[in-house]
1. Output yes when any residue across the range 161-183 is under 30 Å from TYR24 (Cβ atoms) and touching a residue at least 24 places away in the same chain (Cβ under 8 Å), and no when none is.
2. Filtering the range 133-179 down to residues that are of a type in the set (Asp, Glu) and closer than 27 Å to LEU99 by Cα, which residue is most open to solvent (accessible area, probe 1.4 Å)?
3. Go over the candidates ARG129, ARG123 one by one and state the one that is in contact with a strand residue (DSSP E or B) (Cβ under 8 Å, 6 or more places away or on another chain), among the charged types (D, E, K, R) and open to solvent by less than 50 Å² (accessible area, probe 1.4 Å).
4. Being over 14 Å from LEU137 (Cβ atoms) and either surrounded by 15 or more Cβ atoms within 10 Å (Cβ to Cβ) or of a type in the set (Phe, Trp, Tyr) (or both) narrows it down to one of GLN73, GLN26, so name that one.
Amino acid sequence: MSLLHFEIVVNNHFRALNPVQFGYEQCAPSHSYGPGLRTYWLIHYVLSGMGSFRINGQTYHLHAGEMFVIPPQTEISYCADEKDPWNYIWIGFTADEILPLKLEPTIYCPEAQSVFERMKSCRNFENGRSAFLCSCLWDLMSILMEKRQKSTDPIEKALHCIHAEYMNALTVSELAKRLNLERTYFSSLFKRTLGVSPQQYLLQLRMETAAKLLTEQGERPTTAAISVGYTDLFNFSRMFKRYFGVSPRAYVEEHRDNNPD
C-alpha cells in the first residue's frame, strides 16, 4: 500500500517558475502511472528504492539520487520496482518562459536531495507556501546549472557584470579580479573578442545611457552623471564632451533643435 502525502499549493501565477503541486510517496510494489500526460512540469526525486520511467519511446531504470522529469503535454508512464519500490518527492510547476536550463529526462544529482527534503517544510507556511516552494525551485535550478561541465565564457560574464553595474564605481581592474584573470590578459581577451577594450566598452555604455537619460527622460546632467557611475559632475561633463564633442547641456539643445516635436 502506498503512503501518499500531498500539500495544497495555491497557484499564484508567478512568472518563470510557478509551483502548482507538491507531494511525496512511499510507493507500493509495482505502483504505476500512465501512460498519461500532464499540463505542467513535474520533477520527481528518488530518495530510495527503484523504479522505471518511460518517455519518448525509451525506458529508464532509476535509483536513489536520480530525478525523472516530466515535461508538459508529453506522454509518459512510470512504475515502482516490484521488490524494492521507490520512495520519492515531487514538485509540479508551470513556466511562462524558457527554463533556466535544458532538463534531460533523467538526472543524477544526489546534491539535490537536501532541496527536496527542505520542500517538505512548506507545510509550515500558509500564505507564503507558494513563494517558499518557488525559492526551492530556484535553488534546485542553481544546483543543476552548477553541475554543468561547460563554464560560462569569461567575456560573457564580464558583459553581464558591466551591464548590471555600470552605474557603480566599476573598474577594469575590479572586473579582472572577479574573473580571476590578470588585468592585461583580460583586456587583451576582451578586445580580441569584441573589437574594443573594456574601458572603451564601459565608457560607451555609460555615455550612451547618459545621453538617453538627458534627451528621452529629461533628466538633469547631475542625475544622469550619478545614474551612470560618475559622482563628480565636472569629470562626467569632461568625459561626455570628449565622447560626443559637446557638453551635456549643448547635447540636449542640439537634440531639441533636431527634434522640435
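The values are calculated or read from the model by the stated rules, or taken from the named source; none is laboratory data. The structure displayed is predicted, hence computed values, not measured ones. No Cβ is skipped: glycine too gets one built from the backbone with ideal geometry, and neighbour counts run over all protein chains shown. Accessible surface areas use protein heavy atoms only, side chains included; no ligands, DNA or RNA. Shrake-Rupley method; radii C 1.70, N 1.55, O 1.52, S 1.80 Å.
1. So far as the range 161-183 goes, no, none of its residues is under 30 Å from TYR24 (Cβ atoms) and touching a residue at least 24 places away in the same chain (Cβ under 8 Å).
2. Among them, the one singled out is GLU146.
3. Answer to the check: ARG129.
4. That would be GLN26, the only listed residue that is over 14 Å from LEU137 (Cβ atoms) and either surrounded by 15 or more Cβ atoms within 10 Å (Cβ to Cβ) or of a type in the set (Phe, Trp, Tyr) (or both).
A quick yes/no check of all residues on (1) of a type in the set (Gly, Ala, Ser); (2) surrounded by fewer than 18 Cβ atoms within 10 Å (Cβ to Cβ); (3) within 20 Å of GLU111 (Cβ to Cβ):
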site: PHE6; (1), (2), (3): no, yes, no
site: TYR33; (1), (2), (3): no, yes, no
site: VAL46; (1), (2), (3): no, no, yes
site: GLY57; (1), (2), (3): yes, yes, no
site: PHE68; (1), (2), (3): no, no, yes
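For (1) polar (S, T, N, Q); (2) assigned to a strand (DSSP E or B), each residue gets a yes or a no:
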position	(1), (2)
VAL9	no, no
HIS13	no, no
VAL20	no, yes
TYR24	no, yes
SER30	yes, no
GLY34	no, yes
LEU42	no, yes
TYR45	no, yes
SER52	yes, yes
